[in-house]
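**Q** Mind looking over this structure? Questions follow.
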Amino acid sequence: MRRLLIVPLVLVLLVCSAGGALACAGVFSPNGNVNLLRTTTLAGYADGVEHYVTSFTFAGGGAEFGSVIPLPGVPESVERGGDWTLQRLNREVNPVPEFAAAANVRTLARTDSAEVLLETTIDALDITILRGGGDEVGRWAKDNGFLLSPDAPEVLDFYAERSPIFMAARFDAAAARDRGQAIGEGTPIHLAIPTDNPWVPLRILGLGKQAVERIEADVFLLTERKPELLLPDRGLVLERSEQGSASLIADLRADKGMSWIPESGMWLSYLRVDSTAGDLTYDLAVDVKGEEPSRVDAGLARIGSLPAAPSAGIPLWALTAVALLVAAAGVAAGRGWSLRRAAQP
Amino acid sequence: MLLSRNRLSVVLALAGLVLVAAALRAAAGTVPVQPVEIKYSRFEPNFLRLEAGKAVTFEITNTDPIDHEFILGDRQVQERHETGTEPHHGEIPTEVTVPAGQTVRTTVTFDRPGRLLMACHLPGHYAYGMKAQVVVR
């Protein structure tokens, strides 16, 4: 049985808002006819399940549009997300007076291939959940018409080393047109992913961007108690840390598919990403048990590179000393045996 | 018996000539191989020093899951390709497409010394830094 019952109830909410060309996923456009204006993502964590909601908003056009998002595990469900959750979270930290809203609208902005675990279609989005290494996922994306940016091989490996699960989302502009989907209209996607700790990919935001390009994003965490966060020296700032308001929780719970959010007692943390793509080389590691967040989860250390935890067994110096003694005894015995043999007639 | 000895001598002489000819031909056809690896959209090595007047075979291995180019030339050549529209290369030894996960060989003879670049001009690759220096002396 998983440790669902002992993990504190946590919600992790991520919203990336665009001040230009921000995205919350790796973005690959086959020919540039479809322009991403804004991609918004939310990751929630409750009872050992991460709820990942991301919204794709497009400017229209006549081509297909693809996006790849690393995931911490295999989703148990993929469905259409709620309609206002992402907007409500953004409004919580960026209140806009009604009279000013209209004027202040921001531009919304063969080795083997990967194993396909799940395929589904939500509105005009074709969703594929993949399992594979960076090369395999990259090859699958290439074989399926995604145009990968030159930094994609390294970034895919960066994520695949920790979790080989990815979500590829392809926006079919023709299908959107047939559905009457308006330009600028978002399609929210909600994934439920069982995992031991919540995790928010950030480095993927810089995929396909020049090193000097700025990345801005808003990250929201809602937890049962104040979470432990691994914050780098720069680029990711904790702006707010407080009890979540009752109105926020009530509004979120009222949205479609969001009843998994507890009714009360949630702690709100608001973090702001403001970095260049070249400096954004990490992810957000969160620990929900009050322990230090994992540097591996944050992408700051590789798996196996961290020093081993102190052992309660025999100390290393003692083992070394014993090994040296055994070796010395072996040499002495061998020498004695040689001398005896030489002395024999 | 004498006749047989003469025959044997002739056969041995002919065999020797064949071997010598083969050795000379092999020696004449030996072209040094310069391995070049492409990983994470970067060339390795990123600096090469080669000799003018001598052929060299570039063995380019693309370990990435995406296609790349191997365009060898001076800055004018690179600028032409950066703004060009050729989707694939392969006819010119210094302009080669290297598909994902594949190895391609191309033999080049530099007719004069100079400072060149090997680069990829697929969209965004050159700006990403996918270039390396080649000095021909």
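The values are calculated or read from the model by the stated rules, or taken from the named source; none is laboratory data. Note that the structure is predicted; figures quoted are calculated from it, not measured. So basically every Cβ, Gly included, is an ideal-geometry build from the backbone, and we count neighbours across all protein chains shown.
**Q** What is the one condition in (1) at pLDDT below 85; (2) buried (at least 17 other Cβ atoms within 10 Å of the Cβ) that A:I249 does not satisfy?
**A** Only one criterion is unmet by A:I249, namely (1).
**Q** Also, I was wondering about something else. Given the criterion under 26 Å from A:D143 (Cα atoms) and modelled with pLDDT under 75, identify the matching residue among B:G84, B:G16, B:G101, B:G29. It would help to see each step written out before you state the result.
**A** Details: B:G16 fails: under 26 Å from A:D143 (Cα atoms); B:G101 fails: modelled with pLDDT under 75; B:G29 fails: under 26 Å from A:D143 (Cα atoms).
Only one candidate qualifies: B:G84.
**Q** Now a separate question. Can you tell me which residues in segment B:120-137 are surrounded by 18 or more Cβ atoms within 10 Å (Cβ to Cβ) and either more than 12 Å from chain A (Cβ to nearest Cβ) or farther than 29 Å from A:G278 by Cα (or both)?
**A** Within segment B:120-137, B:A132, B:V134, B:V136 meet the criteria.
**Q** Would you point out the residue of segment A:134-182, among those that are buried (at least 21 other Cβ atoms within 10 Å of the Cβ) and among the basic types (K, R), that is farthest from the other protein chains (Cβ to nearest Cβ)?
**A** Across segment A:134-182, the extreme among qualifying residues is A:R170.
Residues checked against (1) among the basic types (K, R); (2) modelled with pLDDT under 90; (3) assigned to a loop (DSSP other than H, G, I, E, B):
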position: A:N197; (1), (2), (3): no, yes, yes
position: A:Q210; (1), (2), (3): no, yes, yes
position: A:D218; (1), (2), (3): no, yes, no
position: A:R225; (1), (2), (3): yes, yes, yes
position: A:P232; (1), (2), (3): no, yes, yes
position: A:S259; (1), (2), (3): no, yes, yes
position: A:V286; (1), (2), (3): no, no, no
position: A:I303; (1), (2), (3): no, yes, yes
position: A:A309; (1), (2), (3): no, yes, yes
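**Q** Could you tell me how many of the residues in segment B:87-119 are of a type in the set (S, T, N, Q) and within 12 Å of chain A (Cβ to nearest Cβ)? Full working, then the answer.
**A** Of all residues in segment B:87-119, those of a type in the set (S, T, N, Q) come to B:94, B:97, B:102-103, B:106-107, B:109.
Pick out the ones that are also within 12 Å of chain A (Cβ to nearest Cβ) and you get B:102.
Counting residues in segment B:87-119 that are of a type in the set (S, T, N, Q) and within 12 Å of chain A (Cβ to nearest Cβ) gives 1.
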